[in-house]
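Working notes, beginning with the structure itself.
The values are calculated or read from the model by the stated rules, or taken from the named source; none is laboratory data. Here the structure is a predicted model, which is why all the values come from computation and not from measurement. A quick note on method: Cβ atoms are made from the backbone with ideal geometry, for glycine too, and the neighbour counts reach across all protein chains shown. Ligands, DNA and RNA are excluded from the accessible area calculation, which covers all protein heavy atoms including side chains. Shrake-Rupley method; radii C 1.70, N 1.55, O 1.52, S 1.80 Å.
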Amino acid sequence: MDERFTALSVNHPMGNYLEALHHTGYYYTIIGVMQVLAGVLLLIPRTVILGAFIYFPIILNICILSLAVRFDGSRLTSPLMVLANLYLICWYYPTWKSILPFNQPTRQSLRTKWQQLDPKFPIKFFSGVATAFAVVVVFAVYGNEMMPRNTLKECQTQCPNSDNPQACYTFCDCIHQEGQPLNTCLETYYKASVK
């Protein structure tokens, strides 16, 4: 509908990226259409695998972007969505493995028999999911010392509790007032923290 995805300021690293993406024209629209298509395919049991394969590169890109620019909005949810998508792809591996160019199965071996399934698989799977979830949550909460947040006011709320409040205020002004790149503002923050 030719509208921006979010109302973040272009001074914010994520807002700047999304503004540039919006100006690409039809590429921005194609990303949205593919997200909706993947969502619909994931809702239909017969097309779950196709939906998961279409959605995987999309959510992986969102996850890397969120972590790279320290975006609060999806710093926790996007890694969890990548994991959920990976688990879905792994869950259906017996169904799609026959399209791989190696170890071509016979027609009879395409169907997994219940007797062949490992009874400990659900416990192992749940343990892996719980561990991955815990790692993602811990990293999202404690992984970065300084965050740009979404607005100047939100950014400044982390300053009174920081080791060097003045350096924190300088960082927030660098991002939200001056519109400098994240790495430049982090460098300024670390230099001010040392003094």
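Residues in the range 155-171 that are within 18 Å of residue 75 (Cβ to Cβ), in a helix (DSSP H, G or I) and free of Cβ contacts under 8 Å to residues at least 24 places away in the same chain: 1 in all. Among the residues of the range 142-153, just one is in contact (Cβ under 8 Å) with a residue 24 or more places away in the chain and assigned to a helix (DSSP H, G or I), namely 152.
Restricting attention to the range 6-22, the residues that are free of Cβ contacts under 8 Å to residues at least 24 places away in the same chain, touching a helix residue (DSSP H, G or I) at 6+ places or on another chain (Cβ under 9 Å) and surrounded by fewer than 16 Cβ atoms within 10 Å (Cβ to Cβ) add up to 2.
Across the range 45-68, the number of residues qualifying as open to solvent by less than 50 Å² (accessible area, probe 1.4 Å) and within 12 Å of residue 92 (Cβ to Cβ) comes to 5.
Select from the range 23-44 the residues that are at pLDDT below 95, out of contact with any helix residue (DSSP H, G or I) (no Cβ under 8 Å at 6 or more places or on another chain) and open to solvent by 70 Å² or more (accessible area, probe 1.4 Å) and write down the one among them that is nearest to residue 7 (Cα to Cα). The selected residue is 23.
For every residue, the table says whether it meets (1) within 19 Å of residue 135 (Cα to Cα); (2) in a helix (DSSP H, G or I); (3) more than 8 Å from the chain's Cα centre (by Cα); (4) of a type in the set (Val, Ile, Thr).
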| site | (1), (2), (3), (4) |
| --- | --- |
| 60 | yes, yes, no, no |
| 67 | yes, yes, no, no |
| 73 | yes, yes, yes, no |
| 78 | yes, yes, no, no |
| 84 | yes, yes, yes, no |
| 89 | no, yes, yes, yes |
| 96 | no, yes, yes, no |
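Remark: residue 62 falls outside the filter, which requires a residue to be over 30 Å from residue 175 (Cα atoms) and out of contact with any Lys or Arg (no Cβ under 6 Å at 6 or more places or on another chain).
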